[in-house]
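Since the structure comes first, as structure tokens, the remarks are kept for the end.
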Amino acid sequence: MLLDLDAFFASVEQLDHPAWRGKPVIVGGSADRRGVVSTASYEARAFGVHSAMPAAVARRLCPDAVWTGGHFARYRDMSQKVMAIMRDESPFLQQVSIDEAFLDITPGAYAKESPVDVARRIQQRVDALGVTCSVGLGATKSVAKVASEQNKPHGITVVYPGRERAFLAPLPIARMSGIGPASQKALLRFGISTLGDVAAADEGVLRSVFGKNAQMMRARCAGADTDPVIYESEPAKSVSNEISFAHDLTERTDIEAALATVAAKVGRRLRMNGLEASTVTLKVRLSNLQIRTAQRQLDEPCADEYVFSPILYALLDKVWAPGVPLRLVGMAASRFDGAAAQQPSLFEEEPVAEAAPEDTVQNRQRSRMAQDQVRAGLVQATDIVRNRFGEGAVQFGRELRTKGNLTGTASKNPADYKKPR
């Protein structure tokens, strides 16, 4: 099943502000500061307001709406209560965002009842919290996702096994996850407008639109995908990322660009999950498939790629020699217990023979503090943009340098799909 909370942020606001119930409510940024709509209540949607719409446009469409900047701690608390309800029914939960999650309730050891009965019970318990949800039931994740959007708000849509293709076939291509605006335009040029058309399309056409994902998208549109529910059985012990190259790297500048890219991904995942690591591990795979690793303890736990990157560059010298081809680089961050792994000194520190002038020391300290502030601001700004508009909304030169040499194997780390906790 796929559970999707209905107009979630706006619904929580209406729950907490009884006078707003039945009125158009918009959660988002200020129309006077180029804000964007995060969520609109169904009353506001009747005026044409929708998520990601510029706030200035939303104000013109619905001038009498109640506006609020949002209370995200409250939304996260409510989300956690909903996820706890789902876990009561099955441990196989995959939360994909703050208001959406898959749950495997295939009849068996953990779900002995009909999936329809389980879904109804979950929906009733969510109702009791004061918000509503829509549920899609199907034999695959893509079918459940599409079904959850079929009867919003507060609906349950069941697609029984064997009826997937008939359910999906007449729906417009925009309904399927993975078919964005660019793909829609490309498909329409070939006369492909429904999910059934995609399922029956020529292989060459699909490859020209989806590339390496052609078969996956055909399977989704036919209701035949086999992606499992990816659940968390225990807290993460490490956060990692790695990149495989279509062509081996031999130049240090290219390798360091790839290391900076994996460091940025790991840093972001740590921040999204409220973690700080005390250990950094570098992994490389040579062209002969030999794997080498090197590790370093940090002086203080952190989640900052600008700290990780120079450490990875230094570790590189321990596992790689100039000119040796590399086919993979990776990084793991671990030890989340908050204990800094400091190496005690064997000797008492001796005074420096000639101390630097006090004003020089102060200038250096001020310079370092200013650099730290700029770096922290950059990390925070990129996180905000990516949280709102997606991972591809901001890209650095290091990522572009590496992008053209990837094998196409994408990471499926669940942390990528979670909102910050």
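The values are calculated or read from the model by the stated rules, or taken from the named source; none is laboratory data. Everything numeric in this text was worked out from a predicted model, so none of it was measured. Backbone-built Cβ (ideal geometry, glycine too); neighbour counts: all protein chains shown.
Mind listing just one residue for me: the one in segment 23-56 that is among the β-branched types (V, I, T) and in contact with a Gly (Cβ under 9 Å, 6 or more places away or on another chain) and, of those, nearest to L5 (Cα to Cα)? For segment 23-56, the residue satisfying everything is T39. Tell me, please, whether a residue that is in a helix (DSSP H, G or I) and either at pLDDT below 95 or not acidic (D, E) (or both) can be found in segment 239-253. The answer is yes; a qualifying residue exists.
When segment 141-181 is limited to residues that are surrounded by fewer than 20 Cβ atoms within 10 Å (Cβ to Cβ) and hydroxyl-bearing (S, T, Y), the one that is nearest to P107 (Cα to Cα) turns out to be Y160.
Per-residue answers, yes or no, for (1) among the polar types (S, T, N, Q); (2) within 24 Å of the chain's Cα centre (by Cα); (3) modelled with pLDDT of 90 or more; (4) in a helix (DSSP H, G or I):
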| site | (1), (2), (3), (4) |
| --- | --- |
| G162 | no, no, yes, no |
| F167 | no, no, yes, yes |
| I179 | no, yes, yes, no |
| V229 | no, yes, no, no |
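Within segment 46-57, being of a type outside the set (S, T, N, Q) and closer than 21 Å to F72 by Cβ holds for V49, H50, A52, M53, P54, A55.
The set of residues from segment 80-99 being over 16 Å from M272 (Cβ atoms) and assigned to a strand (DSSP E or B) comprises just one member, L93.
In segment 70-79, the residue that is surrounded by the fewest Cβ atoms within 10 Å (Cβ to Cβ) out of those that are within 16 Å of G274 (Cβ to Cβ) and out of contact with any helix residue (DSSP H, G or I) (no Cβ under 7 Å at 6 or more places or on another chain) is A73. Scanning segment 192-214 for residues that are closer than 15 Å to I173 by Cα, assigned to a helix (DSSP H, G or I) and among the small types (G, A, S) returns G196, A199, A200, A214.
V135 meets the conditions (1) surrounded by fewer than 18 Cβ atoms within 10 Å (Cβ to Cβ); (2) farther than 18 Å from Y231 by Cα in every case but one. The failed one is (1).
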